[in-house]
1. Could you identify the single residue in 160, 170 that is under 20 Å from residue 113 (Cβ atoms) and in contact (Cβ under 8 Å) with a residue 40 or more places away in the chain?
2. Within the range 42-69, count every residue that is over 17 Å from residue 99 (Cα atoms) and either in contact (Cβ under 8 Å) with a residue 60 or more places away in the chain or assigned to a strand (DSSP E or B) (or both).
3. Is it the case that the range 152-170 has a residue that's over 19 Å from the mean Cα position of the chain (by Cα) and surrounded by fewer than 18 Cβ atoms within 10 Å (Cβ to Cβ)?
4. Restricting to the range 190-222, what's the tally of residues that are buried (at least 21 other Cβ atoms within 10 Å of the Cβ), without any contact (Cβ under 8 Å) to a residue 60 or more places away in the chain and of a type in the set (Gly, Ala, Ser)?
5. So which residues in the range 161-193 are polar (S, T, N, Q), modelled with pLDDT of 95 or more and over 19 Å from residue 125 (Cα atoms), if there are any at all?
6. Out of the range 194-211, which residues are of a type in the set (S, T, N, Q) and in a strand (DSSP E or B)?
7. Take the residues of the range 29-41 that are of a type outside the set (Ser, Thr, Tyr) and part of a loop (DSSP other than H, G, I, E, B): which is surrounded by the most Cβ atoms within 10 Å (Cβ to Cβ)?
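The values are calculated or read from the model by the stated rules, or taken from the named source; none is laboratory data. Nothing here was measured: the structure is a model prediction, and the numbers come from that model. Please note: Cβ atoms are built from the backbone with ideal geometry, for glycine as well, and neighbour counts cover all protein chains shown.
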Amino acid sequence: MTTSLTKTLLAAAPKILVLGATGPTGRHIVSQAVSRRYDVTVLVRSPEKAGDLKGAKIVVGDARDEMALRHAIKGRDAVISALGTPVSPFREVTLLSTATRALISAMKAEQVSRLVTITGIGAGDSEGHGGFLFDKLIFPLLLRKVYADKNRQEAIIKDSDLDWTIVRPSILNNKPAHNTIRTLTDLSGFHGGSISREDVATFILDQLTGETWLHKSPLITW
């Protein structure tokens, strides 16, 4: 079934907003979207970090500010959130959930329904599937507070009435794309895995014109 949303996105080059565009994965998303001739807007706090995002319209603002988000979202067809947050072994993390709550309010106000968000392996029911090193050392020592906020972020998205997809990449690397991506929802027997940021960007952009993973949270890996 093709919804009116997908028909709109397929009819012309999608008009998208990318959050987290200056991050390592966000940069791939912007570059590939521009290559596909999408109309790309990015919301950034530091415009000097976005100077090399060629072909994208730069809007300066904080992703936690609903009014800044509304300004950036206005006239867009879809939003991609590649927001990340630094490792925080001791301090509570709230950036992702706070920004997502503001984003959903802004999207509803501007009548934009399609949202594709990156979280990561370790979020939701993918916890415990990152492999020995990740699960036993990296996650508990460095990422527990980050992933507590990712879980809040996912819950906020799932509780919305948006047309959402949550993408959970396995361990990210900067290797060239394989162009072959496995998508998993049943993680029985799966532990570890990795995927390039370039392949993640491709998968994310493909979701804008497809409905296979609508209202789902697949893990993607090589």
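1. Just one listed residue meets the conditions, 160.
2. Counting residues in the range 42-69 that are over 17 Å from residue 99 (Cα atoms) and either in contact (Cβ under 8 Å) with a residue 60 or more places away in the chain or assigned to a strand (DSSP E or B) (or both) gives 2.
3. Within the range 152-170, none of the residues are over 19 Å from the mean Cα position of the chain (by Cα) and surrounded by fewer than 18 Cβ atoms within 10 Å (Cβ to Cβ).
4. Residues in the range 190-222 being buried (at least 21 other Cβ atoms within 10 Å of the Cβ), without any contact (Cβ under 8 Å) to a residue 60 or more places away in the chain and of a type in the set (Gly, Ala, Ser): 1 in total.
5. 173, 174
6. 194, 196
7. Out of the qualifying residues, it is 36.
Yes/no per residue for (1) over 30 Å from residue 142 (Cα atoms); (2) in contact with a Leu (Cβ under 8 Å, 6 or more places away or on another chain); (3) at pLDDT 95 or above:
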{"position": "20", "(1), (2), (3)": "no, yes, yes"}
{"position": "35", "(1), (2), (3)": "yes, no, yes"}
{"position": "57", "(1), (2), (3)": "yes, no, yes"}
{"position": "65", "(1), (2), (3)": "no, no, yes"}
{"position": "71", "(1), (2), (3)": "yes, no, yes"}
{"position": "74", "(1), (2), (3)": "yes, no, yes"}
{"position": "93", "(1), (2), (3)": "no, no, yes"}
